Amino acid sequence: MKRQIPLFITFFVGALLIFSVFIPPMESAGENFTLFFDIIAVFAFFLGGGNLLRVHITKLKRRKQDWPFSIVTIAGFAFMLTVGIFKIGNPGGIAASVTADGSWFQEVFNYVLTPLQSTMYALLAFFVASASYRAFRAKNREATILLIAAFIILLGRTPFGLMVTSWVPESLSVLQIPNLAIWIMNSPNLAGQRAIIIGIGLGVVSMSLRLILGVERTYLGDDSG
Amino acid sequence: MANIGIIISLVIIFGGLLALLIRSVKSKEVDRRVIFLFIFVAVAAPILFPVTFSEKASPVVKAIFNKVESLPAGSKVLLSFDFDPAMAPEVQPMANAISRHCLYKGHKVIFMSLWATGQALLTQSLQDFILPGFPEKRNAVDWVNIGYKAGNEGVLNVIITDFRKMFPTDVNTVPLDSIKIFDDIKSCKDLDLVVSIGGGKPGPKEWILFVGDPGNVPIGVGTAAVVAPQLYPYYPAQVVGILGGVKGAAEYEYTLKETHSRFADMDTPGLRMMGPQTLAHVVIMSFIIIGNIIYIAGRRREKKRR
Amino acid sequence: MIIQKRNKITKVHWLLLLPLLICVSTPLVAAQSGTSANPFDTTLIVPDTAAVAAEPVTDLTVADHRYDHGEKLDLTWVPSADDPPVGGTVVGYRVYRIADGSEPVLVAELPPGTNHHTDEGTSADSSYVYFVTSVTTSAEYESARTEAIVPNVEWLNFDKKYLFLLALIVGGSVVIFIETARRGKKLFVRKIAGLEAVDDAVGRATEMGRPILFIPGILDMDDVQTLAGLTILGRISRVIADYDTRIFMPVSRSLVMTAGRETIKAAYQTAGRPDKYSDDMVTYVTDEQFGYVAAVDGIMVREKPATVFLLGAFFAESLILAETGNYIGAIQIAGTARPAQLPFFIAACDFTLIGEELFAASAYLSNEPKALGSLKGQDVGKAIAMAVIILGVVAVTIGEAWQVGIMNDLTDILRAIFSTM
Amino acid sequence: MRRSTYIVMAVVLVLFLVSWLLKSLSLDGTSENYVLQGFLITFSAFLTLAVLSFLYKDNPFYKFAEHLFVGVSAAFWMCLGFWTTIVQNLIPRLSEGLARFFEVPPQPGEYNFFFYIPVILGILLLMRLAPKGGWISRWPLAFIVGTTAGLNFIRYLRSDFIKQISNTFVPLLGAQPHQWQGAGHFFSNIDLSASGQFVAMISNWVIFIGVFTGLIYFYFSKEHKGAFGAGSRVGIWILMLTFGASFGYTVMGRISLLVGRITFLFRDWLELIS
């Protein structure tokens, strides 16, 4: 029972949304259900926040490894929550957007979250280097193709790409490295991407059907729980 | 001071790479932190001590440059800034460079934008970057800013036959009829060159389809690096040339500096941004080479052992 | 089996789902559609003698929009005689709607040269009259009014017949093969390299006495990739429960946390070790993309998992996670259907499930005939794709090269069927 | 933690305090709250460097930044979800009184009984926090999974499957080959431009063969042997070419991100460049 009703809900909602595409009066169902999802997701935020607090309070109580840092998390969470829910320092009061300029919420976003986000993101500059050092080695034919494609594109992005192939006559200009890089992006790259995407389309279709028909049901847990 | 700084950094980077290259023959792996350090120096040094690498202009860039260069003084050029603040870092440098080049050559320049958010950007970049270098150029005589009008490609559909229908006035509500540049311009067909700079829709592609093709107006385009490959099929039949991303801007700036001494001290954001890019790309490529030498050397050793 | 069970549920519990049914069959959006009210000034400018004159538009007609539920009407007209490109005075058109004889409401402002408009703010229980004005720099000139019209509601969208047909063929073959497999017919599915490694990777963690880290991507339950990741988690955690290896799963969405807990708990129950399961195995971190990455990176270097699974929807963080995982020496099995992130997983992970393989993985790992049957269904789709591509390419090539009419017709038919309507 | 760690931490903290002081002094006159402004910029720089320090190894500064990031961002998204979804989208549809309290314009036309459904499902989800009855949270989960499966079935079929197939109908002899003017014209422009007939033709062949063999690679029902195996081989080469190229293509964007961060440190914080 505990599993049959959910399975039926999945089946019903899934099938209904597939058919709604072909029935004009029901066309808006997808839109509404997406909105429903957004609302449920906000309830989920509270679930998440509660869980986060519980994890860190437990850590603190039991004096687990790195427990002092849990204070940082709890304090940061509590501070941001207070500032956001009460719209502290917001020039427009309760009716204004929560992210209005000058509000504490926005200030914390600008001076704490933004540098953290963009620096985490910027770590990628280092990781592309270490990954290409390790991965682009001519170990076998596939790896060699990977290496050559990456190298040509990288070279095409520097002034040296044009320099090393400037002897190629203009009538064969596609063989000059920067042009070759563009050609690779436009042709073989396009073909590969397209094959992957067609496969993904079919994979999603089959996966969706397995979910709707209840063939895949692990996410619903066990009957006895 | 800056020169010494960059020379020292380059010596450190390339010396280090050379040392690693020699070491790699013995098949010794490089710690990833060493790679990180090289990337950091390669990016930070050119920011601290601006360095410019010579950028040989690729034919598509050269084509636009030559077009602007070869037009006689007094030619009518329209520059459309079709981008928003999010896209600006990538395309603003080329917009500035082309604008300066056109003003320097004595062309009559009309500035406009197809993007609502582009008008403020346009007005600001005129004030801050473009016009300060040309105090002698007068509004309405040498250049004019007609701003933004809503309607996306609809705007183009109208100005291909009549500017005044879409733009009765310029951005300061001065009627076009009293603006000298527009004395002998009725529609886009009277222009000698249009350059659209942008990366979205409407943008370069719409200019090609709605103005360039039907009106037989020469169109040059500048665009974000990701979009550039999609525009190549239009070259050279439908577009004069293509500037792609910061690299395209850097090539244009470099050619401009090389050709005209007036621009020797010009601020070149494109070239400046290419400094860290070029060095970082070289470092990454060097490490790919080093990695392969290590791999080949290691395999050879294993064979010997057997 | 399942299908039979469901029939039973249908009979008993459909009443529970009645509200849901009502909710969907009532067009909710209709309630919002009235809001497309007029943001412009509606007062008509009365032309005076000094105004710039223009002819009004002619032949204004209104027609029902096909295949909608009454929220759309199509208008067409012949542009004013003073409209460009002949160098006229019209600078644009305005479309006005009169609903049930009330005041005219401006619904659209259009550039010159326009000759049609679709009004998307109507409803099936009112009648509408329209007129269009030609706007000059100083005045507006009204056209004749249309006849009153009540929008129709259609119940089936025949524009989408080919989409329906393709959905039926592709979806149908998946269902048919699932059914065939259920009846006990043996189906062959080739080996998939990355998946052969899954058991070894779990075994390795057990031998080393180190935990397994499972990352289900950063998107929520509304993405199929997350669901694919979770179904694979279901298979993995059964092995984990058998081996009694530790698993750790930080997530960035609390719905995924809920589903993840259910999944692992069920696996432990199936293995007969419910006591070994704990909710601490799955924890929520933060919804913020890079905040989550920062925390997972921290977990990786501190817990040093022997095996890392990265299965789900990934964005820029793919390489940050994979490189850190590589640094700590973990065996990494990744899979995503985001083509942009695949290169990074290929470069930094030991095994990568490319696109479709991610969705096939759970079916393959389960070794359940029904699930394997669905993979056969996918292959039917691929066979169709390959056949149609060959047909289309031949038709286009011959049609272009020798201008063969029949080939051009074939191209057009194929394009019509495989259009995205 | 060892004693040396504490010493390093203390030194770094002192350095940043000094930086705060200097920054505030340099901002004096340009900004009203120069002490606060100085703190915020210094703190941003501190967080930037703390994250970068992870590249060397895990350390207390990174742990601090990480834990702060998690706490603050979790609350950030929670507040954003509350104000934008619950208050702006849900409340006006449910209750006029609440809408008045939050000063969101009450839109009577939008009042809708059915929006109680997600609320109920949301509350069922929160039942998970209760010691018993957590199983009922499977209902909202099942609803979401059904929605996802139903919506994505058509969406992916349409844009990933159908559209990509019709996009692959490419003329293998190039566009308008009947207009060819002999071999000289055909081979005259081996470049990327539209006049490069030869390149356009090669590109179309590559796209056709690439997509076709790529699909063979993903084919599950047949062992990859013989001609089929050869096709799948070519498929994987095309995929590798794709991956290598896309990897190389993204490097520039990633470097730009680092340029942005370092520029922040040098310009906004240390004022080394203008």
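Annotations
- Failed criterion for D:R233 (all others in (1) closer than 17 Å to C:I354 by Cα; (2) crowded, with 21+ Cβ neighbours inside 10 Å; (3) of a type in the set (K, R) hold): (2)
- Conditions (1) within 19 Å of C:V296 (Cα to Cα); (2) open to solvent by less than 70 Å² (accessible area, probe 1.4 Å); (3) more than 8 Å from chain A (Cβ to nearest Cβ); number of the one not met by D:K57: (2)
- Some residue of the range C:237-254 being in contact with a Phe, Trp or Tyr (Cβ under 9 Å, 6 or more places away or on another chain), within 8 Å of chain A (Cβ to nearest Cβ) and open to solvent by less than 10 Å² (accessible area, probe 1.4 Å): yes
- Yes/no for A:F11 being open to solvent by 30 Å² or more (accessible area, probe 1.4 Å), at pLDDT 90 or above and more than 28 Å from the chain's Cα centre (by Cα): no
- Candidates in the range C:187-217 are the residues that are within 12 Å of another protein chain (Cβ to nearest Cβ) and touching a residue at least 40 places away in the same chain (Cβ under 8 Å); of these, the one that is farthest from C:E303 (Cα to Cα) is C:L187.
- Taken residue by residue, the range C:281-294 has at least one member that is in contact (Cβ under 8 Å) with a residue 40 or more places away in the chain and open to solvent by 10 Å² or more (accessible area, probe 1.4 Å).
Rundown of residues vs (1) within 14 Å of another protein chain (Cβ to nearest Cβ); (2) free of Cβ contacts under 8 Å to residues at least 12 places away in the same chain, yes/no style:
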| position | (1), (2) |
| --- | --- |
| B:I8 | no, yes |
| B:I39 | yes, no |
| B:P85 | no, no |
| B:M94 | no, no |
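- Looking across the range B:145-181, the residues that are open to solvent by less than 10 Å² (accessible area, probe 1.4 Å), more than 11 Å from chain C (Cβ to nearest Cβ) and in contact with a Lys or Arg (Cβ under 8 Å, 6 or more places away or on another chain) come down to B:F163, B:L176, B:I181.
- Hits in the range C:218-239 (condition: β-branched (V, I, T) and in a loop (DSSP other than H, G, I, E, B)): C:I218
- Hey, A:F12 within 9 Å of chain D (Cβ to nearest Cβ) and either under 30 Å from C:P250 (Cα atoms) or of a type in the set (S, T, N, Q) (or both) or not: no
- Restricted to the range B:25-36, and to residues there that are facing another protein chain (nearest Cβ under 9 Å) and closer than 13 Å to A:F126 by Cα, the residue that is surrounded by the fewest Cβ atoms within 10 Å (Cβ to Cβ) is B:R33.
- C:W155 meets the conditions (1) more than 30 Å from D:Y217 (Cβ to Cβ); (2) outside any loop (DSSP other than H, G, I, E, B); (3) open to solvent by 40 Å² or more (accessible area, probe 1.4 Å); (4) among the aromatic types (F, W, Y) in every case but one. The failed one is (2).
- So B:V77, is it in contact with a strand residue (DSSP E or B) (Cβ under 8 Å, 6 or more places away or on another chain) and either part of a helix (DSSP H, G or I) or among the hydrophobic types (A, V, I, L, M, F, W, C) (or both): yes
- Near pairs, Cβ below 9 angstrom, 6+ apart or cross-chain, from the range D:121-145 (at positive phi and more than 8 Å from chain A (Cβ to nearest Cβ)) to any residue that is part of a helix (DSSP H, G or I) and open to solvent by 20 Å² or more (accessible area, probe 1.4 Å): D:G133/D:M127
- Selection from the range B:41-52 of residues that are under 16 Å from A:S132 (Cβ atoms) and either open to solvent by 20 Å² or more (accessible area, probe 1.4 Å) or at the interface with another protein chain (Cβ under 7 Å from one of its Cβ atoms) (or both): B:V43
- Test for A:F45: is it within 7 Å of another protein chain (Cβ to nearest Cβ) and open to solvent by 10 Å² or more (accessible area, probe 1.4 Å): yes
- Exactly one residue out of B:E29, B:E55 is closer than 30 Å to B:Y234 by Cβ and part of a loop (DSSP other than H, G, I, E, B): that is B:E55.
- Residues of the range C:261-304 classified as over 34 Å from the mean Cα position of the chain (by Cα) and closer than 30 Å to A:T114 by Cα, total: 4
- C:V174 over 30 Å from C:E103 (Cα atoms) and at the interface with chain A (Cβ under 7 Å from one of its Cβ atoms): yes
- B:I242 touching a strand residue (DSSP E or B) at 6+ places or on another chain (Cβ under 8 Å), among the aliphatic types (A, V, I, L, M) and either assigned by TED's automatic domain parsing to the domain that holds B:P89 or open to solvent by less than 10 Å² (accessible area, probe 1.4 Å) (or both): yes
- Contact annotation: residue pairs with Cβ atoms under 7 Å, 6 or more positions apart or on different chains, pairing a residue in the range D:8-30 that is touching a residue at least 60 places away in the same chain (Cβ under 8 Å) with a partner that is open to solvent by less than 90 Å² (accessible area, probe 1.4 Å), are D:S19/D:T42; D:K23/D:G38; D:K23/D:I41; D:K23/D:T42.
- Residue in the range B:53-81 that is modelled with the highest pLDDT, counting only those that are open to solvent by less than 50 Å² (accessible area, probe 1.4 Å), within 20 Å of B:A264 (Cα to Cα) and of a type in the set (D, E, K, R): B:E69
- Test result for A:S208, within 26 Å of the chain's Cα centre (by Cα) and surrounded by 24 or more Cβ atoms within 10 Å (Cβ to Cβ): yes
- Just one of the listed residues (A:L16, A:L7, A:L47, A:L53) is in contact (Cβ under 8 Å) with a residue 60 or more places away in the chain and part of a helix (DSSP H, G or I), namely A:L7.
- Test: residue in the range D:208-219 that is at the interface with chain A (Cβ under 7 Å from one of its Cβ atoms), in contact with an Asp or Glu (Cβ under 7 Å, 6 or more places away or on another chain) and either modelled with pLDDT of 90 or more or within 28 Å of C:A387 (Cβ to Cβ) (or both): yes
- From the options C:G172, C:G184, residue that is outside any helix (DSSP H, G or I), over 25 Å from C:A266 (Cβ atoms) and open to solvent by 10 Å² or more (accessible area, probe 1.4 Å): C:G184
- Odd one out for A:I184 among (1) assigned to a loop (DSSP other than H, G, I, E, B); (2) β-branched (V, I, T); (3) in contact (Cβ under 8 Å) with a residue 24 or more places away in the chain: (1)
- Total residues in the range B:252-262, condition open to solvent by 10 Å² or more (accessible area, probe 1.4 Å) and either touching a helix residue (DSSP H, G or I) at 6+ places or on another chain (Cβ under 8 Å) or of a type outside the set (S, T, Y) (or both): 7
The values are calculated or read from the model by the stated rules, or taken from the named source; none is laboratory data. Computed from a predicted model, the values in this text were never measured in an experiment. In this analysis, Cβ positions are derived from the backbone assuming ideal geometry, glycine residues included, and neighbour counts consider all displayed protein chains. For accessibility, only protein heavy atoms count, side chains too; no ligands or nucleic acids. Shrake-Rupley method; radii C 1.70, N 1.55, O 1.52, S 1.80 Å.
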